[in-house]
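Single-structure report; data block below.
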Amino acid sequence: MADAFSLPKRPSLAVRVFGPFLLLRESWVGMIGLSLVLFWVLVALFAPVLAPFPPNAPLMALQVPGADYPTAPSTLIDGVPAAEICAAIPGNAAQVDCGTFWLGTDLVGRDVLSRIIFGAQQVLIYAPLATFLAYLVGIPMGLWAGYSRGMADAVFSFISNVILSFPVLVLYVLILVTLPRSAAIIVAAVVFAAAPGIFRIVRGLAMDLRAREYVAAAETRGEPLWYILFMEILPNARGPLIVDAMLRLGYVIITIGTLAFIGLGMPPPDPDWGRMIAEGRTTINFMPHMALFPCLAISSLVLGFNLLADGLREVSLRD
Amino acid sequence: MLVLVARRFGSMILVMLVVSMLTFLALEADPGNVATKVLGPYSTEQQRDIWMERNGYNDPLPERYLRWLGNFLQGDFGESTRFRTDVADVLWPRLGNTAILAVATMALVIPLSLVLGVLAGMREGSATDRTISVVSIFTTSIPEIASAPILTFIFVFLLGILPGTSSFQDGFSITQLILPTLVLVLYDFGYVTRMTRASMAEVMTTNYIRTATLKGLPYRRIIVKHALRNALIAPFTVVMLQINWLLSGVIVVELFFAYKGFGALLLEAALNQDIYVIEACAMIAVFVAVGTQALSDIGYTVLNPRIRFN
């Protein structure tokens, strides 16, 4: 008889979190976005295998896309025969033919393709890390403010209003001028600038959800505050938050790239798409490939996340 | 109405005060640091002490802040170490140049995105709607740092029909304005379009539109007379808030095209530790952002009678 009263089995945590991604195959826009993102994730993961040259090695300056390296084995580069330099490239067995600069080289002679491939690693480590930390700060504050209202809400809301009243890039310039520049500071600055936006969204969702029956039930059971916030409200707000996270990730990628472009980014020499664009800017009138290919790289990755967000929104509206 | 305006401006002043304190604290909390930046890293300890004494930097922090704020409100921003002149002399012309860029951008973004947004929202889910949505996602995915080189590549390198820099060296020229404006428009119009589309789509599902349709009114009349008036309230706010984003975009675009504007000034000051220019630029940027926010709130109330009396 007990069977008649048994509830349908609760789907596992994995299904609840990744469910929207499974539905994604119904949206072709979302699938294109997912493929773009996966493409860059794979590129970043297999960067050491995929990159034809070491990313920071000065090989031959100002080579157009498709140029062979070297043009002749006896060519002298800085007084050293090219063949010897070829042999010195890690993983390069062939003595004479050491490859092609598929996307050309930059002013210093570094291979653009290899730098884009290794640049993907940098982007896909720091941008998700910064976004994740921003959510880690924004979610508890937003849940607390939206659920309990009162003083906490007033204080947090005012702080986030002040931070959001800065035009973003002005805020970054102010922070990065005052503090020493390092990867950790840049990540912290992104968290500082992005968390108030997340706070606002989460607060709005929590204010909407606090009047639901399951929250009232948990209150009646005498559940502690953290349980109501993280076990009752947060899981029910996950749909819009996942979509927002994808959009925000795209935006953080733009931000980190832009900071590097204006000269406030990660310290050199490791490849960074934004700085590659800045370096290629000077030669854009006669050798546009140096700036152009990193532009395509960053745009395609951001496009991937934006299409993914659109696809997820589309499938989440369906049910 | 008057109460709302007063409240809105009151909170605006409060935010500006807090921002001014933060800016001051970030840049001037340590007087020795200010002296080093103004006199340069090779100044002697003694020189710095004399400078600090003469300029009142030995006074307590609150006193210095109040004096700074007082001067600031009177338009005295101090002296630029980079340009060797009053900050105001550099700032205002630069701000004027940026205003030209902003007006040109808005003059294109507003009509373009409103028309596209309304067309997309009129028939939600139609082929037009999907196309416009995907195109606007596509253009907002290309950051300014990427669209500027790409457009330069097309119009300067391939076609050779536009100049690649916009420094206005021989006076104002409209051809030099095209590329920077285009970059900003390309990045900004997608967002406004999507917001307009959402607003229009929502209006199209309301009862009064259904009534108008069932009355047998011509489609054109329903859209123009009934839908647009309500659908365009939300985009008004979005357009105003876009100015905040524009101030960020302007920094990249001005740097890329060597445009002598406000964003380039802020960046140049930041990279050269010219703190009085940084302060003035930051305060003005926040003032413009907060001011437009307040105006958009007030405008929204004026436009939307439903929320006017609560």
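Laboratory data are not the source of any read-out in this text; all were calculated from the coordinates shown. Nothing here was measured: the structure is a model prediction, and the numbers come from that model. Neighbour counts run over all protein chains shown; Cβ positions are idealised from the backbone, glycine included.
Overview of values
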{"read-out": "Given chain B, longest segment not containing exposed loop chymotrypsin sites (Phe, Trp or Tyr not before Pro) (DSSP; at most 16 other Cβ within 10 Å)", "value": "B:173-308"}
{"read-out": "FRET efficiency estimate (nearest 0.05) - Cβ-Cβ, A:Ile125 to A:Phe21, R0 22 angstrom", "value": "0.55"}
{"read-out": "For region B:170-190 and region A:134-157, distance of Cα centres in Å", "value": "40"}
{"read-out": "From the C-alpha gyration tensor of region B:88-220, square roots of 5λ in Å", "value": "38, 18, 12"}
{"read-out": "Relative contact order of region A:182-319, defined on C-alpha pairs under 8 angstrom at six or more residues apart (%)", "value": "23"}
{"read-out": "Gyration tensor verdict on chain B (Cα atoms; rounded if a/c is under 1.5, prolate if a/b is larger than b/c, oblate otherwise)", "value": "oblate"}
{"read-out": "Gained length - B:Leu69 relative to B:Asp86, 0.36 nm times residue gap less alpha-carbon distance", "value": "4.5 nm"}
{"read-out": "Label zone at B:Phe157 (point 7 Å along Cα-to-Cβ), backbone N below 16 Å, region A:279-310", "value": "A:279-299"}
{"read-out": "Among B:Pro180, A:Gly280, A:Ser165 the positive-end extreme of the charge dipole of the protein assembly as shown (Cβ point charges)", "value": "A:Ser165"}
{"read-out": "Local electrostatic count at A:Arg16 - Lys and Arg +1, Asp and Glu -1, tallied over other residues with Cβ under 9 Å", "value": "+2"}
{"read-out": "Relative contact order %, chain B, counting alpha carbon pairs below 8 Å whose residues are six or more apart", "value": "25"}
{"read-out": "Longest site-free stretch - chain B; sites: trypsin sites (Lys or Arg not before Pro), DSSP loop, at most 10 other Cβ within 10 Å", "value": "B:85-214"}
{"read-out": "Cα gyration tensor category, rounded, prolate or oblate, for region A:181-319 with a/c compared to 1.5", "value": "prolate"}
{"read-out": "Helix-only [θ]222 nm of the protein assembly as shown, DSSP H runs n ≥ 4, -39500 (n - 2.57) each, per residue, nearest 500", "value": "-22500 deg cm²/dmol"}
{"read-out": "Cβ-derived FRET efficiency at R0 51 Å, B:Thr44 paired with A:Ser300, nearest 0.05", "value": "0.40"}
{"read-out": "Theoretical gain in end-to-end length, B:Thr211 to B:Leu17 [0.36 nm per residue, Cα-Cα removed]", "value": "64.8 nm"}
{"read-out": "With eigenvalues of the C-alpha gyration tensor scaled by 5 and rooted, the protein assembly as shown, Å", "value": "41, 36, 28"}
{"read-out": "Charge sum, other residues only, whose C-beta stays under 13 Å from A:Ala127's C-beta, Lys/Arg counted +1 and Asp/Glu -1", "value": "0"}
{"read-out": "Whole-number percent relative contact order across chain A, with pairs defined as alpha carbons under 8 Å at least 6 apart", "value": "25"}
{"read-out": "Charge dipole of region B:186-254 about the Cα centre (unit charges at C-beta), most positive-ward option of B:Val203, B:Val192, B:His226", "value": "B:His226"}
{"read-out": "Three-way shape label, region B:7-125, alpha-carbon gyration tensor, a/c 1.5", "value": "prolate"}
{"read-out": "Förster radius 41 Å - calculated FRET efficiency between A:Glu223 and B:Phe138, Cβ distance, rounded to 0.05", "value": "0.35"}
{"read-out": "Unit charges on C-beta of K, R, D, E only; dipole of the protein assembly as shown, Debye", "value": "2560"}
{"read-out": "Proximal charge balance of B:Leu228 [Cβ under 14 Å; K/R count +1, D/E count -1]", "value": "+4"}
